[in-house]
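**Student:** Quick one: the structure is below, and I'll ask about it shortly.
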Amino acid sequence: METTSFVGRSQELERVAASLGQGGRVVTVSGPAGIGKSRLAARYAWTAEAAGRWPGGIWCCDLGEASTSCDIVRELARVLALEHGVDHLPSIDAIAAAIGHRGDCLLICDEVDHVIVQLRPIVAALAEHVPMLVCSRERLGLAREWCITLGPLGLSSVDAATECEAVQLLLERGRALGFDPDRTCFEHGHRQRTLVELARRLDGNPLALEHAAARL
């Protein structure tokens, strides 16, 4: 469930959908920290679910607390609701079989940067049975991997009447936290130039922009 508005990234969303729709088995959304990889994956999952794209389900596995291959398997088993004991984890084949019985589904793996080495063979094995969307600062380096690299939010307006994507995010998050641009001490033109300059200094990085929005 989305709790905040989604700004920009329409082309990247289309590329994720197209990559998975054209038979991509592993689609990696890559980019530096704070660039919006997890948010893009969540947005895709929300829109795909609303459209009935994956009738077998969309399963999101957060590996932020994992440090070993066993931790990864344990988290996969938990997300997929597979029964297992403390000392007995399901095999990759068992996980693949369980996924296969659920029909046309998608597995998302997030927060994987610290366990890429351990995750790589697991993804390679599971991708034979289920398409996977991975959020990582770097690509996994698998033979059948499709990579979509995220850059900064747009810093140029589409037209004179439209804020650029980076400023849109600043304004939307700022308004949600009580910022009223119509009551600031700046006249509109000055305020506009100030927000654009702030977005540029933060390199259009969504996480940095959200932190800045809290202080507008």
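The values are calculated or read from the model by the stated rules, or taken from the named source; none is laboratory data. Keep in mind that what you see is a predicted model, and the values were worked out from it rather than measured. Neighbour counts run over all protein chains shown; Cβ positions are idealised from the backbone, glycine included. Remember, those area values only see protein heavy atoms, side chains included, never the ligands or the DNA or RNA. Shrake-Rupley method; radii C 1.70, N 1.55, O 1.52, S 1.80 Å.
**Student:** Could you list, in sequence order, the residues of segment 31-66 that are under 12 Å from residue 109 (Cα atoms) and touching an Asp or Glu at 6+ places or on another chain (Cβ under 9 Å)?
**Tutor:** Answer for segment 31-66, where residues must be under 12 Å from residue 109 (Cα atoms) and touching an Asp or Glu at 6+ places or on another chain (Cβ under 9 Å): 37, 38, 41, 42, 58, 60, 61, 62, 63, 64, 66.
**Student:** Exactly one of these conditions fails for residue 203: (1) in contact with a Ser or Thr (Cβ under 8 Å, 6 or more places away or on another chain); (2) at pLDDT 90 or above; (3) acidic (Asp, Glu). Give me its number.
**Tutor:** Among (1) in contact with a Ser or Thr (Cβ under 8 Å, 6 or more places away or on another chain); (2) at pLDDT 90 or above; (3) acidic (Asp, Glu), the lone unmet condition for residue 203 is (1).
**Student:** Of everything in segment 68-115 that's open to solvent by 10 Å² or more (accessible area, probe 1.4 Å), modelled with pLDDT of 90 or more and touching a strand residue (DSSP E or B) at 6+ places or on another chain (Cβ under 7 Å), which residue is farthest from residue 40 (Cα to Cα)?
**Tutor:** Checking each candidate, the answer is 75.
**Student:** A further question on this structure: Tell me, which helices (runs of 4 or more DSSP H) wholly within segment 1-111 include 1 or more residues that are among the polar types (S, T, N, Q)?
**Tutor:** Once the helices (runs of 4 or more DSSP H) in segment 1-111 are filtered for at least 1 residues that are among the polar types (S, T, N, Q), what remains is 10-21, 37-50, 69-79.
**Student:** Which of the numbered conditions does residue 29 fail, given that it passes all the others? Conditions: (1) open to solvent by less than 50 Å² (accessible area, probe 1.4 Å); (2) closer than 21 Å to residue 99 by Cα; (3) modelled with pLDDT of 95 or more.
**Tutor:** (2)
**Student:** OK, next. Residue 65: closer than 30 Å to residue 164 by Cβ, open to solvent by 60 Å² or more (accessible area, probe 1.4 Å) and not small (Gly, Ala, Ser), yes or no?
**Tutor:** Against the criterion (closer than 30 Å to residue 164 by Cβ, open to solvent by 60 Å² or more (accessible area, probe 1.4 Å) and not small (Gly, Ala, Ser)), residue 65 does not qualify.
**Student:** Of the residues 4, 47, only one is under 27 Å from residue 153 (Cα atoms), touching a residue at least 60 places away in the same chain (Cβ under 8 Å), touching a helix residue (DSSP H, G or I) at 6+ places or on another chain (Cβ under 9 Å) and not aliphatic (A, V, I, L, M); which?
**Tutor:** 4
**Student:** Mind counting the residues in segment 16-64 that are touching a Lys or Arg at 6+ places or on another chain (Cβ under 6 Å) and basic (Lys, Arg)?
**Tutor:** Total satisfying the criteria: 1.
**Student:** Here is a check on your reading of the model: is residue 175 of a type outside the set (A, V, I, L, M, F, W, C), at pLDDT 90 or above and open to solvent by 80 Å² or more (accessible area, probe 1.4 Å)?
**Tutor:** Taking the combined requirement at face value, the residue does not satisfy it.
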